[in-house]
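So the structure is just underneath, and the comments pick up after that.
The values are calculated or read from the model by the stated rules, or taken from the named source; none is laboratory data. In this text the structure is predicted, and so the values were computed from the model without any measurement. Neighbour counts are summed over all protein chains in view; Cβ atoms, including those assigned to glycine, are modelled from backbone coordinates with ideal geometry. Surface areas here come from the heavy atoms of the whole protein model, side chains and all, with no ligands, DNA or RNA. Shrake-Rupley method; radii C 1.70, N 1.55, O 1.52, S 1.80 Å.
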Amino acid sequence: MSRKRIIAGNWKMNMTPSEAVALVNELKPLVVNEDVDVVFCVPAIDIIPAMEAAKGSNICIGAENMYYEEKGAYTGEISPNMLVDAGVKYVIIGHSERREYFTETDETVNKKVLKAFEHGITPIVCCGETLTQREQGITIDWIHQQIKIAFLNVTADQAKTAVIAYEPIWAIGTGKVATTEQAEEVCAAIRVCIGEIYDEATAEAIRIQYGGSVSASSAPELFTQPDIDGGLVGGASLKPDFGKIVNYNK
Ligand code: 13P
């Protein structure tokens, strides 16, 4: 079974609404590739203007975070219905920066993943180890634990449509991309883990991305590995280089 590649940009805390419109317009002609689902995950305030600018193109606008409650007294949070009403189809859940700076845990990640599915939004579920964990040789155990908790009570039919982003923390924003072998090894181990939680069909269907200093030069080798189904791209998604990343196979 062949999985369609999915390449997503994570803009993080960059781009004002007017800058977002300019960037979408600049990248629109560069990110055309019918073999790839192209997603721009943008700051909440940029979602509507970016959506407007992306109209008629192959770009899908996603969110970088979402709260797990429906509505109410949660000052500063974005609800699933707000995203659905704005036309959002994908949301990044549990990015390592949210875990580090905003006290997200495996448990809150699980609540958000369940809530996203409940509202028909596809979660891009992030996992990844620190450099210390890698050096201690506990990478795979750690990631299996993150995935098992993130997918608690998620059905196989839901999991089949999910996206998992493997992002080694030591490779994020450092220019230090994981080797193809390191990235493939962990993505394959994530697929095994999904197979253990569910079954072979779910493991074959779920899409697994690599993220961490992806560039136009590293993308072609990374994205043609058997278990790497695309990427989650930070810094390079804000530049014309993102066009080359999306067209990694051309
Ligand atoms: P960089 O591509 O800037 O390393 O960021 C990766 C990332 O965190 C994507 O979510």
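See the values below:
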| item | result |
| --- | --- |
| Cut-off under 5 Å, modelled amide H: who pairs with residue 124 long-range | 91, 92, 93 |
| Rounded, prolate or oblate (a/c below 1.5 giving rounded, otherwise prolate when a/b exceeds b/c) for the chain by Cα gyration tensor | rounded |
| Cα gyration tensor shape for segment 31-124, rounded if a/c is under 1.5, else prolate or oblate | prolate |
| 117, 223, 102, reordered so the largest accessible area comes first (probe 1.4 Å) | 102, 117, 223 |
| Max mean-square fluctuation residue, GNM over the chain, Cα-Cα springs under 10 Å, options 195, 62, 234 | 195 |
| Options 131, 151, 74, ranked by Cα towards positive dipole end of segment 55-165, top entry (Cβ charges) | 151 |
| All lysines inside 25 Å of residue 55 as judged from Cα atoms, apart from same-chain residues fewer than 8 positions distant | 4, 12, 28, 89, 239, 244, 250 |
| Solvent exposure of the chain as accessible area per residue, Å², 1.4 Å probe | 44 |
| Relative contact order of the chain, defined on C-alpha pairs under 8 angstrom at six or more residues apart (%) | 21 |
| Cα-projected label distance for residue 18 with residue 57, points at 7 Å along beta-carbon direction, nm | 1.9 |
| Nonlocal amide H pairs with residue 231, under 5 Å, H built at 1.01 Å | 6, 7, 8, 210 |
| 19 Å Cα-Cα reach of residue 148 towards lysines, excluding residues that sit fewer than 8 places from it in its own chain | 111, 112, 115, 160 |
| Förster radius 22 Å - calculated FRET efficiency between residue 4 and residue 201, Cβ distance, rounded to 0.05 | 0.85 |
| Electrostatic dipole magnitude of segment 106-250 [Cβ: Lys, Arg +1; Asp, Glu -1; Cα centre; debye, to 20] | 600 |
| Protein accessible area in the chain, 1.4 Å probe - carbon and sulfur % | 55 |
| Under Karplus coefficients 6.51, -1.76 and 1.60, residue-wise ³J(HN,Hα) of segment 5-20 in Hz, glycine/proline x | 5, 10, 10, 10, x, 10, 6, 6, 9, 10, 5, 6, x, 6, 5, 4 |
| Chain lengthening between residue 142 and residue 73 when straightened (0.36 nm per residue, less Cα-Cα) | 21.4 nm |
| Gyration tensor verdict on segment 55-106 (Cα atoms; rounded if a/c is under 1.5, prolate if a/b is larger than b/c, oblate otherwise) | oblate |
| Whole-number percent relative contact order across segment 137-250, with pairs defined as alpha carbons under 8 Å at least 6 apart | 28 |
| Stretch gain in nm, segment residue 181-residue 149, where the contour uses 0.36 nm per residue and the Cα spacing is subtracted | 8.9 nm |
| Test item: Cα-centred dipole of segment 171-233, Lys/Arg +1 and Asp/Glu -1 on Cβ, debye | 360 |
| Net charge dipole size for segment 72-158 [Lys, Arg +1 and Asp, Glu -1 on Cβ; Debye, nearest 20] | 140 |
